[in-house]
Each structure stands twice: as structure tokens, then as C-alpha cells.
Amino acid sequence: MNILNNVDLSAANTLRLPCQAERFASPTTLTALRQTLAEARHEGWPVTLLGGGSNVLLPEALPGLVVRPDLQQYWLSQRQGHVLAHVGAGVNWHTLVMATAARGLWGIENLALIPGSCGAAPVQNIGAYGVELADTLQAVQIMELATGRVDWLSAQECAFGYRESIFKGELASSVVITQLVLQLSRTPAPRLGYGDLAVRLASSPTPLAVAEAVCSIRREKLPDPQVLANAGSFFKNPLVADVLAAQLLQQHPAMPNFPQQGGQTKLAAGWLIDQCGLKGMRDGAFAVHQHQALVLVHFGGGDRQGLMKTASYIADQVEARFGVRLEPEPRLINPC
Ligand code: EPU
């Protein structure tokens, strides 16, 4: 078992927030993961789970043990005309998307270039360009922290919603996601309805062509975390009552709005921030990205407290102007 002491996690989170883990382990098999968790229980170390670090807000210090599963298995099987992809939690999400698209498999091509690991994907039910992970996910394998027992959850049991799942709620901090099973298909099923995806593609595109078009749109709008630290969308698109959306639309007829079920309408947080004149605003080490107001970037030298101050300022401005409170999308990780 390989447990490291005093590990700097600033390069293990795409926002590059400074964070010192008291101990860190990256087990590569289920057996090693089970042993690592047993050791933590034996020693009384609190366990914090980390994936690709692309959707977390880390504190400056994490006592106990940080575990980042590095399960890299990936294989395909056939079931009733569909292809199932079985993917270990440590596989890079974008690598999986490109590998399956290159094989002519449909299902997750619209989710190209989303940073992070496959194990983190169900936590916030990653989504982009009209597609969510929940659309293809069949099952999730988990290991219980308290017992090391392995179990499976069906997609229904994961209670997926917009950027929501059971892994943010009831099962937060009590299970490790170890494997995903996705249902893909060889039957062409392009979903090109979002934004200007369709105009970038010839008719009858391949899944690889769709994935590449998504990559080019994302590269135009979103900063590459390798170049400029960020966690993608910093705020969730808010869901408001239809009544409030109708009032706002009277005042702002051009406001993007997406009616949902249950009397709610989703608004575009990026548009709300942009309307407040905050695009490109710099506040110390952080800024609102100049091409996409939903993304906060970190130029270096800042910490989580500074970032939360900038985020609160933005949320206050939006609330004062529109009466809508924005909530951060990345998960706040706190010492146990
Ligand atoms: N808009 C502006 N100004 C901005 C940004 C957006 O006016 O600075 C407007 C756009 O013109 C558009 C609307 O807001 O009318 C929505 O913008 P966009 O289509 O770019 O998508 P988004 O709502 O900003 C969401 C996801 C992204 C995902 C895109 C594409 C959330 C929180 N974000 O962004 O996900 O890539 O749709 O599907 O749901 C992520 O989660 O990290 C992420 C990047």
C-alpha cells in the first residue's frame, strides 16, 4: 500500500487552489482500494475522495487521507444490439469520449473535452450540448467506505437531476465510485439541437466529427485548465419559478430561458453575470473569464477564501439586479 505524507494538491485541482493533504493514496485495483480504506479505518483517519479535481473547491489543508482511485480498466461488451462500455473510475473522461467516438459508437460524443475522471462524472451528472451522462449511464459500481463492500447502483438509484445525484446527497462521503457502465450504440443518433453545433457539421456526421465539433466550440469559449486555472462553469444555471421568469422576461425580452417541468424555468447564469457588466472583471488573483462569464479563472497566488469572496461579490450583483441567487457548481470539500 502506497500512502504518501504531506502531499501538495495544487496541481491535482484544475483551479490550482493551494491545498496540503496530510496523506494521499492513489490505489490502482479494487483490492488496493479496499486495503487503503481499511488502513484509514484502523488508524482513524478521515477520508476525503478526489477525482480529476476539475469540479472541487479545496481548502488549504486536508487532514487524514485523501484517496484518488486510479482504476484504469476499460472494456466493451455487446447487449441486445447495444454496446456497453465498462470503465474504471480513474479513466480520463475525455479520453473515453474520443476512444468510443473513434470506434463509431454514439452516446457521449457531445460530452467531449469535459475535464475530469470517469468516476467523478456521475457525481454532478456532467452535461453539455443537450446531453447528460444520465442519458447513457446504466449502472455505477461503488465501494462503501465503512465496510469495503462493493455494490452496484442502477441509473435510477443514482437520482440524477441537473448537476445533481445521490453522490452529492445521501451517499456523499460514504462511497467511492469505482466503475461505470454506459450504454452506447452503433446506430447513428446525432443530437445537434444545442447552439450552433449543427451548422458546424456536414449531414450524417460520424460520432467522431460531432466530438471534434464540440471540442472546437469549447476551445473557443472555455479556457484550457492546463493554461489558465479554472473549474469550468463556476455557477449552476439557476432554476426559478415560471412566474419570476415571466416577470424578468417582460423587463429583459432577450433573456435566454429554458422552461422545465414542474413550473420552473432555467436561466443562463452566464447571461445574468454578463448583463451586470462583470465579464472580464478582475478581483485580485481571480477573474470572470472574458469569453464566458460563467467561468472564474485563477491567475495564481489566490486561495479558496479569495475565490469565494469574488464569487459572493458576483452573486450579490446578480441578486441585486435580477432577484436570483447564483449557487456555485463545484463542490466545496471541507476537512472531515
Ligand atoms: N451567455 C452570455 N454571456 C456569457 C455566457 C453565456 O450572454 O458570458 C448566454 C449565451 O449567449 C447563451 C446562454 O447564455 O444564450 C447560455 O450559454 P451557453 O450556451 O454558453 O451555455 P451555459 O449555460 O453558459 C452550460 C453548461 C456548460 C456547457 C454548456 C453547453 C452549466 C452550469 N453550464 O453553460 O457546462 O458546456 O452549457 O452545453 O450548466 C460546466 O459545467 O463546467 C460547463 C462548461
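The values are calculated or read from the model by the stated rules, or taken from the named source; none is laboratory data. Since the model is a prediction, treat every value here as computed from it, not as a measurement. Ideal geometry is used to build each Cβ from the backbone, glycine not excepted, and the neighbour counts take in all protein chains shown. Quick note on the areas: whole protein, heavy atoms, side chains included, nothing else; ligands and nucleic acids left out. Shrake-Rupley method; radii C 1.70, N 1.55, O 1.52, S 1.80 Å.
For the chain, with every protein chain kept in place, what is the accessible area per residue (1.4 Å probe, Å²)?
Accessible area per residue, the chain: 45 Å².
Give the carbon-plus-sulfur fraction of the accessible surface of the range 74-218 in %, rounded to a whole number; probe 1.4 Å, heavy atoms of protein chains only.
Answer for the range 74-218: carbon and sulfur cover 53 percent of the accessible area.
If you place +1 on the Cβ of every Lys and Arg and -1 on the Cβ of every Asp and Glu, how big does the dipole about the Cα centre of the chain come out, in debye to the nearest 20?
On the way: 25 positive and 26 negative charges, 86 e Å.
Dipole magnitude for the chain comes out near 420 debye.
Tally Lys and Arg at +1 and Asp and Glu at -1 over the other residues with C-beta under 14 Å from the C-beta of residue 158: what net charge comes out?
-4
Average the reciprocal distances over every distinct pair of alpha-carbons in the chain, invert the result, and give the Kirkwood radius in Å.
Values: mean 1/r = 0.0477 Å⁻¹.
This gives a value of 21.0 Å.
Between residue 299 and residue 241, with labels modelled 7 Å along Cα→Cβ, what's the label distance in nm to one decimal, could you check?
4.2 nm
Throw me the Rg/Rh for the range 6-138, computed over C-alpha atoms with Kirkwood Rh, two decimals.
Value, to two decimals: 1.02.
How are the Cα pair distances of the range 295-334 distributed, in percent, across 10 Å bins from 0?
Reading the bins upward from 0: 25, 52, 21, 1.
About its Cα centre, how strong a charge dipole does the range 219-336 have in debye, to the nearest 20, once Lys and Arg get +1 and Asp and Glu get -1 at the Cβ?
Dipole about the Cα centre, nearest 20: 80 debye.
Quick one: which of 236/279; 168/221; 168/279; 266/309; 236/266 span more than 21 angstrom between C-alpha atoms?
From 236/279; 168/221; 168/279; 266/309; 236/266, over 21 Å: 168/221; 168/279; 266/309.
Given a 1.4 Å probe and every protein chain left where it sits, what share in percent of the accessible area of the range 4-67 is carbon and sulfur?
Ligands and nucleic acids excluded, carbon and sulfur give 51 percent.
How much accessible surface does residue 23 have with a 1.4 Å probe, in Å² rounded to 10?
40 Å²
Expressed in nm to one decimal, what extension gain is obtained for the pair residue 146 and residue 260 from 0.36 nm per residue of sequence separation less their Cα-Cα distance?
Answer, rounded to one decimal: 37.2 nm.
Once phi is turned into ³J(HN,Hα) by the Karplus curve 6.51 cos²θ - 1.76 cosθ + 1.60 with θ = phi - 60°, what whole-Hz value does each residue of the range 73-81 show in order, with x for glycine and proline?
Each residue of the range 73-81 in turn: 6, 7, 8, 10, 9, 10, 8, 6, x Hz.
Across the range 44-61, in residue order, what do the Karplus-derived ³J(HN,Hα) couplings come to in whole Hz, using 6.51 cos²θ - 1.76 cosθ + 1.60 with θ = phi - 60° and x for Gly and Pro?
Listing the rounded values in order: x, 7, x, 10, 10, 9, 9, x, x, x, 9, 9, 10, 10, 8, x, 6, 9 Hz.
Quickly estimate the mean residue ellipticity at 222 nm for the chain, helices only: each DSSP H run with n ≥ 4 gives -39500 (n - 2.57), and the total goes over all residues, rounded to 500. Can you show the working numbers first?
Numbers: 6 runs with 75 residues, N = 336.
After summing the helix terms and dividing by the residues of the chain, the value is -7000 deg cm²/dmol.
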